[in-house]
Amino acid sequence: MAQAVETLISADHVLVGPAGTRIADGAVLVNGSEIVAVGPRAELASGVSSATTHKDFPGCTVLPGLIDAHVHLAFDASADPVTAVRELDDETLLAGMADRARQLLDNGVTTVRDLGDRDGLAVRLRDAIADGHYPGPRIVAATTPLTVPGGHCWFLGGEVHGEQEIRAKVRENAARGAEVIKVMATGGGLTKGGAQTWESQFTAEELRMVVTEAHALGLPVAAHAHGSTGIADSVAAGVDTIEHCTWMAESGFEVLEDVVAEIAAKGIAVCTGASPNWRKFAERFGEDRAAEIFGRVRWMAEQGVRLIAGTDAGVPNAVFDNFAGSLDFYRFLGFPGEQILNMATLDAAEALRLGEHTGRLAPGYRADLVVVGGDPIEDLDAVRDVRLVLAAGRPHVPSGAISN
């Protein structure tokens, strides 16, 4: 076995995590897949051996690898991703997924949570990336989302009816290698002929069955929930994260303030799934309605709800090569840069149960980091200028990156 390579990566700033914790003229020492030390450049440089590789990035910042907490690698972000998923054979679809994973890595994303694929392909890709066959981020895979017959994303193979089928599907996903269970608590716009986006698909008791079975297997539950009733039932059931959380109702929107308070009190993370194409979303829904939806996100944060970054990449126009575009949504809402970066690193890692392994730069943590030009705290656009990515210690230089 080849000996692990020790590398000292230095820059004008190192954001340790939380994002406000910075080291000026700092460095990160990496050995193989693990961070060995973090500190001032001069201090770390004086203690390394002559065999250590030095990579210096003047005018740049080193920060924890970014986390996209909601993607669908099986979808291609086209106007009709469903047709491609239904018609492509496994090997062709897997090749497309690998390319999309590389695009995420190009953007500094070192961990993704894939919340719904076909036939466990995300697990296959996860293992292939871990074995070094493809460049890509760590994948936390949900495999097949649970839905009702004919319900949202039924074509992925997760249709269940009744307690026995619900519990069996959770166990089947776990056996396939799932690290999170996804349940479609409400309908969604991607599926034609199913439940309306606001409409509940499972009863509160059925959602509780999903959670009970998943937690017994040590797996968290992510609930796709647009409708207010579905959100409330998911919270009561004890899910770990809520996806979208748009508070839709048949007649418009209905924010349940007591449920919001419960989400905050229970520490349930909310991933709004803000597409990099969010400005087009605003145009499509109209300025007034978009302002209402966007304002609700900001209000939830003000109530103490923990928000985490996610793009819903793969659904129409939610591309894989513009993670920074999704973060722009929160800047538009007035979130400070430090909070936005926390949502995409530390907070997301904790919500994905990876907080002891990634999301910050510290000795013993997985060597997930990104080097960007400039200072992303002062100017979030710096996240677009990715110079170097390390995912589990494997270096990756995006095509077209500025060399140092």
Whether any residue in segment 85-92 is part of a helix (DSSP H, G or I) and closer than 27 Å to Ile242 by Cα is what I want to check. yes
Ala19 meets each of (1) more than 30 Å from Leu121 (Cβ to Cβ); (2) at pLDDT 95 or above; (3) surrounded by 14 or more Cβ atoms within 10 Å (Cβ to Cβ) with one exception, condition (2)
| Is segment 320-343 home to any residue that is among the charged types (D, E, K, R), surrounded by 19 or more Cβ atoms within 10 Å (Cβ to Cβ), farther than 30 Å from Cys153 by Cβ and modelled with pLDDT of 95 or more? | no
Flagged in segment 150-183 as basic (Lys, Arg) and within 17 Å of Phe202 (Cβ to Cβ), in numbering order, are Arg167, Lys169, Lys182
Over segment 306-339, the set of residues farther than 30 Å from Gly400 by Cα, within 17 Å of the chain's Cα centre (by Cα) and assigned to a loop (DSSP other than H, G, I, E, B) is Arg306
Over segment 274-305, the set of residues assigned to a loop (DSSP other than H, G, I, E, B) and closer than 14 Å to Thr246 by Cβ is Ala274, Ser275, Val305
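Out of the residues in segment 213-256 that are of a type in the set (S, T, N, Q) and over 24 Å from the mean Cα position of the chain (by Cα), which is farthest from Gln164 (Cα to Cα)?
Applying the filter and picking the extreme gives Ser251.
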Open item on the list: If I filter segment 267-287 for residues that are modelled with pLDDT of 95 or more and loosely packed, with under 13 Cβ neighbours inside 10 Å, do I get at least one hit?
Closed with: yes
Has segment 68-86 got any residue that is of a type in the set (S, T, N, Q) and under 22 Å from the mean Cα position of the chain (by Cα)?
yes
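Could you say which residue among Gly150, Gly194, Gly132 is surrounded by fewer than 24 Cβ atoms within 10 Å (Cβ to Cβ), farther than 20 Å from Val221 by Cα and at pLDDT below 95? Break it down into steps so the answer makes sense when it comes.
Working: Gly150 fails: at pLDDT below 95; Gly132 fails: at pLDDT below 95.
Checking each option against the conditions leaves just Gly194.
The values are calculated or read from the model by the stated rules, or taken from the named source; none is laboratory data. Keep in mind that this is a model prediction, so the values were computed, not measured. In this analysis, Cβ positions are derived from the backbone assuming ideal geometry, glycine residues included, and neighbour counts consider all displayed protein chains.
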